[in-house]
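S.K.: Can you keep this structure in mind? I'll have questions shortly.
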């Protein structure tokens, strides 16, 4: 079972990796690797997706995830404690798939490069994500009851759950499609 | 005591089978709380606790179970901070609820600490589960 699984995974990684190299932003319609690796772990999806969108591990580096998973009892003012066995399993999943441990995903690479060694707890505190959203006025985020916070990625990025954050897929509640000009 | 063990065993058997029934899992939990010295359980007290407003050092304003789950556990709730929808908690409205021991105890651990400022006692958990089951 194991022997069979490994070459298949390796093949999948090759295909996804090659696509992301070949495709370019202008070829938006072509099939290519998503911006970050999508979540395929059911335990993670249910445990870390119950209060908010299940953020992809590739949105932060390993050290950020380790810090976050060490402080779940006070998780941004919330209690997100897990039983120890689940906490360990999910930490391994997050670290293995963190931005600094995956290859071939553009946004992960860009987030990582922007960090300059910093290891913030929030995706919304990484310079790359901050910079990408710095033109969006507060009325569109904070004063928008269907968004509330920039942390609510899936409210605007309609295909965020597939790991895709392309501009043409953005649809902001109450505002609509995003035209960048 | 024998009866308690019987009920617990039945409850466990029910948990292992898929799909589990909320009624069986709640029975198993109640038996376990009784084994810890709690009981008898009172759904009315559970209902009162559901909407009771708690203040504690970490709460900027009073908190209750209804803050996220609304006054009626049969209704869809909404997470107080993230706004994410929370499916109804009462098994009568959502048969998937109260069907997994670990899920129940994990959310009790989190929600009691956040709402009440401490863990809930076995007595309180028994009252709350009786309330939710009977709705």
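The values are calculated or read from the model by the stated rules, or taken from the named source; none is laboratory data. Bear in mind that the values here come from a model prediction, so they are computed numbers and not experimental data. Here the Cβ positions follow ideal geometry from the backbone for every residue, glycine too, while neighbour counts run over all protein chains shown.
S.K.: Working only within the range B:81-93, note down all residues that are more than 8 Å from chain A (Cβ to nearest Cβ) and closer than 29 Å to residue A:149 by Cα. Break it down into steps so the answer makes sense when it comes.
M.R.: First, the residues of the range B:81-93 that are more than 8 Å from chain A (Cβ to nearest Cβ): B:85-93.
Within the range B:81-93, B:85, B:86, B:87, B:88, B:89 meet the criteria.
S.K.: Same structure again: Would you kindly identify the helices (runs of 4 or more DSSP H) lying entirely within the range B:1-95 that contain at least 3 residues that are surrounded by fewer than 17 Cβ atoms within 10 Å (Cβ to Cβ) and at pLDDT 95 or above?
M.R.: Counting at least 3 such residues, we get B:43-51.
S.K.: Write out, first by first residue and then by second, each pair whose Cβ atoms fall under 6 Å of each other, whose residues are 6+ apart or on separate chains, and whose first residue, in the range A:156-169, is crowded, with 21+ Cβ neighbours inside 10 Å while the second is in a helix (DSSP H, G or I).
M.R.: A:160/A:153; A:160/A:154
S.K.: Another question, if that's okay. Looking at residue A:116 and the list (1) away from chain B (no Cβ under 14 Å); (2) surrounded by 13 or more Cβ atoms within 10 Å (Cβ to Cβ); (3) under 27 Å from residue A:101 (Cβ atoms), which single condition is not satisfied?
M.R.: Checking residue A:116 against (1) away from chain B (no Cβ under 14 Å); (2) surrounded by 13 or more Cβ atoms within 10 Å (Cβ to Cβ); (3) under 27 Å from residue A:101 (Cβ atoms), the one that fails is (2).
S.K.: Looking at (1) at pLDDT 95 or above; (2) crowded, with 16+ Cβ neighbours inside 10 Å, which is the only condition residue B:105 fails?
M.R.: Here residue B:105 clears every test but (2).
S.K.: If residue B:112 satisfies every condition in (1) within 13 Å of chain A (Cβ to nearest Cβ); (2) surrounded by fewer than 14 Cβ atoms within 10 Å (Cβ to Cβ); (3) under 30 Å from residue A:154 (Cβ atoms) but one, which is the exception?
M.R.: Among (1) within 13 Å of chain A (Cβ to nearest Cβ); (2) surrounded by fewer than 14 Cβ atoms within 10 Å (Cβ to Cβ); (3) under 30 Å from residue A:154 (Cβ atoms), residue B:112 violates only (2).
S.K.: Kindly indicate whether residue B:120 is crowded, with 16+ Cβ neighbours inside 10 Å and either in contact with a strand residue (DSSP E or B) (Cβ under 7 Å, 6 or more places away or on another chain) or touching a residue at least 24 places away in the same chain (Cβ under 8 Å) (or both).
M.R.: Values: crowded, with 16+ Cβ neighbours inside 10 Å: yes; either in contact with a strand residue (DSSP E or B) (Cβ under 7 Å, 6 or more places away or on another chain) or touching a residue at least 24 places away in the same chain (Cβ under 8 Å) (or both): no.
No.
S.K.: Further question on the same structure: Would you pick out the residues in the range A:145-155 that are in a helix (DSSP H, G or I) and crowded, with 17+ Cβ neighbours inside 10 Å?
M.R.: Answer for the range A:145-155, where residues must be in a helix (DSSP H, G or I) and crowded, with 17+ Cβ neighbours inside 10 Å: A:153, A:155.
S.K.: Looking for something away from chain B (no Cβ under 14 Å) and surrounded by fewer than 16 Cβ atoms within 10 Å (Cβ to Cβ) - is there at least one such residue anywhere in the range A:79-94?
M.R.: Yes, the range A:79-94 contains at least one residue that is away from chain B (no Cβ under 14 Å) and surrounded by fewer than 16 Cβ atoms within 10 Å (Cβ to Cβ).
S.K.: Something else about it: Take the range B:115-135 and flag every residue that is closer than 18 Å to residue B:52 by Cα, more than 14 Å from chain A (Cβ to nearest Cβ) and part of a helix (DSSP H, G or I).
M.R.: B:122, B:123, B:124, B:125, B:126, B:127, B:128, B:129, B:130, B:131, B:132
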